[in-house]
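The structure under discussion appears below in the form of structure tokens.
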Amino acid sequence: MMQIIRLLKTLNSDAAPSSIALAICLALFIGLTPVFSAHNLIIVLIALLFRIHLGTFILASFGFSLVGLAFEPLLERFGYFLLTNDAMTSFWTALYNTQLGRLSLFNYSTQLGGLCISLVAFVPLLLVLIWGIKSYRIRIKAWAEKSKLIVILRSSSLFQLYEKTGGAS
Amino acid sequence: MKMPIRISGLMVFIAIIALFSAIYLIFANHFIASGLRTTGSELIGAKVDLGSADLSLGSQSLSLEQLAVTNPKSAMNNLFEVEKLALDIDASALAWNKVVIDKIEISELLLNTPRATSGAMDRQWTNVQEWTPFENIQDLSAIGADKLPDPKQLVAAADLQTIRAIDDFKAQLKETETELSSQYEQLPSKEIIDQYQARLKQVLDKSGGGNKLLGMLSKGKDFKALRKDIKTDLNKIKRFKTELKSAQEQLGSQFKTLKNMPKQDLARLKSQYSLSGDGVSNLVSTVFGPQIGQWTQQGYRYYQYLMPIIDQYQSSDNSEVQESQFLTERGRRILFQDNVPLPNYLVKHIKISSANSGEHISIDGVVNNLTTEPNRWNEPLTLDLSGKAKFLNSFNLSATLDHRNQAQSKDEIRLNAAGLKLSDFADLAADSPIKPSAGLVDIIASVNVIQEQLDGKVSLVFQKAEFQIEQPDKWLSLIKTGLSGLETFKIEVHITGSMQNPSIKVSSPDLNKLSQQVIKSLMSTELKGFEDKLMAEIKQSTDGPLSNLPSMDLLSQLQTKLNLKELDLNKILKKAN
């Protein structure tokens, strides 16, 4: 419940759509690949260094972790397919013989599957999200604020408590 | 417009990294100790205890204290115990995900120490091929009297030499009689002798026709001719007598031999049912086989423990993409051609030193080039260890395990152990019918394993060995007594075959001699009864033919006739002189 309220708050805030979209897209990496991976360190650095909506980033990371858990067998199979694809063997071999390649642990099927899906989905998802957030703010925001669901949510004791603690900005 | 970069974010990132690093450094020793306990236990299949670990990033070293590894085959004993273990790590190799340790110094290593608590785990060794030497050991009761056959059947089936010799004798006697009778016919007959008598009378009666001188000359000439003829016949008789005598002697000798032939038949048949050389050899295996088998099996088992570690990645061809067999949270690990000239795990040098406690096995020495991928390292695994123990005066183990080229793997193992106290090895001889209770044994072993083919020779030299038997047994009692009388004796074990199907052969000229004496002594009663019955059966078969042997009367008669002829001729000759 809190997460939904928080997401709505973010969407309704003045935060730049690209900041929110980028946060969600970066969270894709955290969620779909094992957390303690070298590339996730870079993702966290990007999230902290650039003006990306951190709340959304953390929230989306949890969300995508659940997605990653549900789709782990598929990610594993996709990664395995890539690693054992004859056409790519020379590329993987070259990468395997670099220190960066070894430290990245790319040669693990789930790790590579999640990473590749995240990379492939990054740009399209970013564009879709930016367009979606903008569209939401123009077309749905005013209607949503007046909707019964939002009114009920806003009037709930939980939301009051949330606002008192400064959770909503 | 806001800056696209958040400096505070960078600070937070650095703070997070610093926090994680600090946590890791604070708890690193705990993590390492915990990891080693867990991984070690999983690898060994029994509990691995570790007192503490101390990582030093500055000197790139790791120090472990109070490491105890449970013997997976005996949960209340440690395989080994180390007071302190110092490792010098090659940090540059870690960037390649490889663990290379330049040097390990093991201080106060003790083997086979007792544990206060059980170190058993659920996981058991599954890759160790159990091998039972001497599967077909002959039961002691199977050797000896139980195998003696029924004398009646034995004689009936046997081709008795006595019967054959009787037939031969008969044939030869007949042939000799025919031959000599024929020759006798060629000798001067009674008519010839009568003619000589007549000629003598005629010469004596000759007057000479009035001329006395002419008469004397004519008589002399006739006498001479008569004497010549008689002498010629006498010579014939003499030659024949010689021949007859020779034939009589030969046949007489055969006749005497025939009388003793049943005894020879007895000896021959009895010898077929005495213990063969194989039987004696089996006896050595039966008495000492289980014991030697246990010792050999122990060595074989240790070798098998080592091999999977050494050849962990050896089965994979580095030129091909390999898939690991295990799943982790990161999924399946795929290995590609590794161009980095380092094995995944390598310990270049291990130095071991022990405290001479006198209570446990202490070891000093070095092990070099211990790696999971010998094909990726340019030196073979070598070890040179020496030590002593409460039950052992000294030992030296040296080995070169060269698996750099799996297809041409070559292992050479040499062991020289002096003064093993036999009383401490009674447990190892649990399956043996005879257990050592005192004395010493020296072991000199040389085993080569070339391309999975075993060729080993182990010499066990027992000195002043005393044995005990748990269940009274006439065989073992005699062997035990016999062994006690030997100052030293040697058993040689020859190991051959493949690693999958090894076989060992035990031999001992000393014990063979002893066994034969024991068998002879033990079987004397059984053999005596058997011998009496066998002799009776042989006699029954041979007495008839022997009592019906043809006489040599014909030859005697010929002898008499010859004597008479000779006498007559000599009489005439005497008158003719």
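The values are calculated or read from the model by the stated rules, or taken from the named source; none is laboratory data. Since we're looking at a predicted model, the values are computed, not measured. For neighbour counting, all protein chains shown are included, and Cβ atoms are generated from backbone atoms with ideal geometry for every residue, glycine included. Ligands, DNA and RNA are stripped out before the accessible areas are found, and what is left, the full protein with its side chains, is counted by its heavy atoms. Shrake-Rupley method; radii C 1.70, N 1.55, O 1.52, S 1.80 Å.
Points worth noting:
- Some residue of the range B:98-110 being within 14 Å of another protein chain (Cβ to nearest Cβ) and among the charged types (D, E, K, R): yes
- Residue in the range A:51-58 that is under 16 Å from A:Arg6 (Cβ atoms), among the hydrophobic types (A, V, I, L, M, F, W, C), within 8 Å of the chain's Cα centre (by Cα) and crowded, with 17+ Cβ neighbours inside 10 Å present: yes
- Exactly one residue out of A:Tyr80, A:Tyr136 is part of a helix (DSSP H, G or I) and away from chain B (no Cβ under 14 Å), and it is A:Tyr136.
- Qualifying residue in the range A:59-66 (condition: within 11 Å of another protein chain (Cβ to nearest Cβ) and either part of a helix (DSSP H, G or I) or among the hydroxyl-bearing types (Ser, Thr, Tyr) (or both)): no
- If the condition is being surrounded by fewer than 17 Cβ atoms within 10 Å (Cβ to Cβ) and within 43 Å of the chain's Cα centre (by Cα), then the range B:86-107 contributes B:Glu105, B:Ser107.
- Selection of the range B:557-577 for residues being under 30 Å from B:Thr257 (Cα atoms) and free of Cβ contacts under 8 Å to residues at least 24 places away in the same chain yields B:Gln557, B:Thr560, B:Asn563.
- Counted as qualifying within the range B:302-372 are the strands (runs of 3 or more DSSP E) with 1 or more residues that are open to solvent by 50 Å² or more (accessible area, probe 1.4 Å) and at pLDDT below 85, namely B:322-328.
- Residue count for the range B:378-394, restricted to those that are buried (at least 17 other Cβ atoms within 10 Å of the Cβ) and at pLDDT below 90: 4
- Count - residues of the range A:7-51 that are within 12 Å of chain B (Cβ to nearest Cβ), part of a loop (DSSP other than H, G, I, E, B) and over 14 Å from A:Leu129 (Cα atoms): 7
- So B:Ile23, is it within 14 Å of another protein chain (Cβ to nearest Cβ) and surrounded by fewer than 12 Cβ atoms within 10 Å (Cβ to Cβ): yes
- Test for B:Leu43: is it open to solvent by less than 50 Å² (accessible area, probe 1.4 Å) and either of a type in the set (S, T, N, Q) or closer than 17 Å to B:Met121 by Cβ (or both): no
- Extreme residue, surrounded by the most Cβ atoms within 10 Å (Cβ to Cβ), among residues of the range B:440-483 that are in a loop (DSSP other than H, G, I, E, B) and in contact with a helix residue (DSSP H, G or I) (Cβ under 8 Å, 6 or more places away or on another chain): B:Asp473
- The selection criterion, being free of Cβ contacts under 8 Å to residues at least 40 places away in the same chain, closer than 25 Å to B:His349 by Cβ and more than 14 Å from chain A (Cβ to nearest Cβ), holds for B:Leu36.
- Residue, surrounded by the most Cβ atoms within 10 Å (Cβ to Cβ), within the range A:95-107, restricted to residues that are within 9 Å of another protein chain (Cβ to nearest Cβ) and hydrophobic (A, V, I, L, M, F, W, C): A:Leu105
- Filter result for A:Phe122 (in contact with a Gly (Cβ under 6 Å, 6 or more places away or on another chain), of a type in the set (A, V, I, L, M, F, W, C) and either more than 8 Å from chain B (Cβ to nearest Cβ) or assigned to a helix (DSSP H, G or I) (or both)): no
- Check on B:Ser52, in contact with a strand residue (DSSP E or B) (Cβ under 7 Å, 6 or more places away or on another chain), at pLDDT 85 or above and more than 14 Å from chain A (Cβ to nearest Cβ): yes
- All conditions but one from (1) touching a helix residue (DSSP H, G or I) at 6+ places or on another chain (Cβ under 7 Å); (2) in a helix (DSSP H, G or I); (3) not aromatic (Phe, Trp, Tyr) apply to B:Val100; the one that does not is (2).
- Boolean, B:Lys174 is modelled with pLDDT of 90 or more and of a type in the set (Lys, Arg): yes
- Meets criteria (in contact with a Leu (Cβ under 7 Å, 6 or more places away or on another chain), surrounded by 15 or more Cβ atoms within 10 Å (Cβ to Cβ) and more than 12 Å from chain B (Cβ to nearest Cβ)) for A:Ile117: yes
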